[in-house]
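Shown next, in structure tokens, is the structure this report addresses.
The values are calculated or read from the model by the stated rules, or taken from the named source; none is laboratory data. Note that the structure is a prediction, hence the values are computed from the model and not measured. As a convention, Cβ positions derive from the backbone with ideal geometry for all residues, glycine included, and neighbour counts pool all protein chains shown.
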Amino acid sequence: MALANDQRSQLESLYAQMAPDHLTPLWESLAQLVRPQPKSPAHVHRWSYDSARAYLMRAGDLISAEQAERRVLILENPGLEGQSAITPSLYAGLQLILPGEVAPSHRHSQCALRFVLEGDGAFTALDGEKAIMRPFDLVLTPGGQWHDHGNPTDQPMIWLDGLDIPTVRHFDASFAEHLDEKAHKETVPPGDTLARYGHNMRPMKGSLADRRPAHQPLFHYPYAQWRPALDAMAASAQIDPHLGHALEFLNPADGGSVMPTISAHVRLIPAGFETRPRRSTDGTIFVVVEGRGAALVEGQEIALQPRDIFVIPSWHELRLKADSDLVLFGYSDKAAQEKLYLYKELNA
Ligand code: GTQ
């Protein structure tokens, strides 16, 4: 703003006088507050699974899952230090459950997803129903539903936690409580919900068998289902130049996103393919499920290998290059942005 010296000094004196009364001048910050396009404080970043895992295993020697309540290393975006956030709206963490351990039952306003990275056979129990977790399964623990985790196997179990913690914090709407017992009593056998709601069918509405919350019945999306679906699509469909072959996980109740604040998808980029530049307002967290390649972000190249986790903040131009068939899992706040009519994307 071009101001005469005299005007500037009188304004500065006004600001100084009103500051104790908690008043500030909009015209000094308007351009930063109402931007012509997003300028994320978050950085592009990749966490190598092997090095994060080594720290997590050391934590495993020092504190039990029960002591910690959740033994998790937060993946904190270097541009959002101290905020326990991987994007301004979302959280990511790596959770470890060692053989025989239990992470006690609690429930909270926050929605969570779990994406299994290592181990086979631990469980997340939702309202007392176990989802047996296998590599690269997606398991949801939606807001308000009791959940505990346990590992009856003889191997460590590690998964990525994706939560809307920063979103709920933004709205000042967090409630949480603990169950009196460590684990919720088993209510139905494992797989019951998947059988009832996971095959493009559902129990007749209002019938005795229709026991899950109406807005959020399904909570387990096994790798054994999504991976063959992605392969079949790649074999038969024309590839999308900007996304590769991509499938979004759906909530069968309404055909929308898996949870109200979080969308999740998987994609396959065939060996040798490079996607066209694309940007979107939903900063996205990706996990490399298989394959090797690179993410090219605004001129920066990030090498990708299995189990690496990387984040692409809002409105950063992304291209993906596959050296071998590259399979990615991704989650973002697109679900919330669409409800607020904020979501935008731009394909080049
Ligand atoms: O497993 O319930 O990474 O409540 C952070 C908060 C995991 C969980 C996290 C949580 C959980």
Considering segment 146-172, residues that are within 16 Å of the ligand (Cβ to nearest atom) and of a type in the set (Asp, Glu), and then whichever is nearest to Cys111 (Cα to Cα), we arrive at Asp164
Screening Ala214, Ala234, Ala195, Ala183 for residues that are within 16 Å of Glu129 (Cβ to Cβ), in contact (Cβ under 8 Å) with a residue 12 or more places away in the chain and more than 22 Å from the chain's Cα centre (by Cα) leaves only Ala183
Going through (1) modelled with pLDDT of 95 or more; (2) of a type outside the set (Gly, Ala, Ser); (3) surrounded by 12 or more Cβ atoms within 10 Å (Cβ to Cβ) one by one, Asp210 fails only at (1)
Within segment 185-197, the residues that are farther than 21 Å from Gly144 by Cβ and surrounded by 10 or more Cβ atoms within 10 Å (Cβ to Cβ) are Pro190, Gly191, Ala195
So for segment 332-339 (the condition being on the phi < 0 side of the Ramachandran plot, surrounded by 19 or more Cβ atoms within 10 Å (Cβ to Cβ), modelled with pLDDT of 95 or more and assigned to a strand (DSSP E or B)), does at least one residue qualify?
yes
| query | For Ser324, are the conditions met, namely being closer than 20 Å to Pro78 by Cβ and in a loop (DSSP other than H, G, I, E, B)? | reply | no
In segment 244-260, anything in contact with a Phe, Trp or Tyr (Cβ under 7 Å, 6 or more places away or on another chain) and either at positive phi or crowded, with 22+ Cβ neighbours inside 10 Å (or both) is listed as Gly244, Val258
**Message:** Is it the case, given these coordinates, that Ala264 is over 21 Å from Thr87 (Cβ atoms), touching a residue at least 40 places away in the same chain (Cβ under 8 Å) and in contact with a Gly (Cβ under 8 Å, 6 or more places away or on another chain)?
**Reply:** no
For segment 270-293 the number of residues that are within 28 Å of Leu163 (Cβ to Cβ) and out of contact with any Gly (no Cβ under 7 Å at 6 or more places or on another chain) is 12
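For every residue, the table says whether it meets (1) touching a residue at least 40 places away in the same chain (Cβ under 8 Å); (2) among the aliphatic types (A, V, I, L, M).
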{"position": "Pro20", "(1), (2)": "no, no"}
{"position": "Leu23", "(1), (2)": "no, yes"}
{"position": "Pro36", "(1), (2)": "no, no"}
{"position": "Tyr49", "(1), (2)": "yes, no"}
{"position": "Ala68", "(1), (2)": "no, yes"}
{"position": "Gln83", "(1), (2)": "yes, no"}
{"position": "Leu94", "(1), (2)": "yes, yes"}
{"position": "Leu98", "(1), (2)": "yes, yes"}
{"position": "Val102", "(1), (2)": "yes, yes"}
Here the residues within segment 129-176 that are hydroxyl-bearing (Ser, Thr, Tyr) and either within 25 Å of Lys334 (Cα to Cα) or crowded, with 24+ Cβ neighbours inside 10 Å (or both) are Thr141, Thr167, Ser174
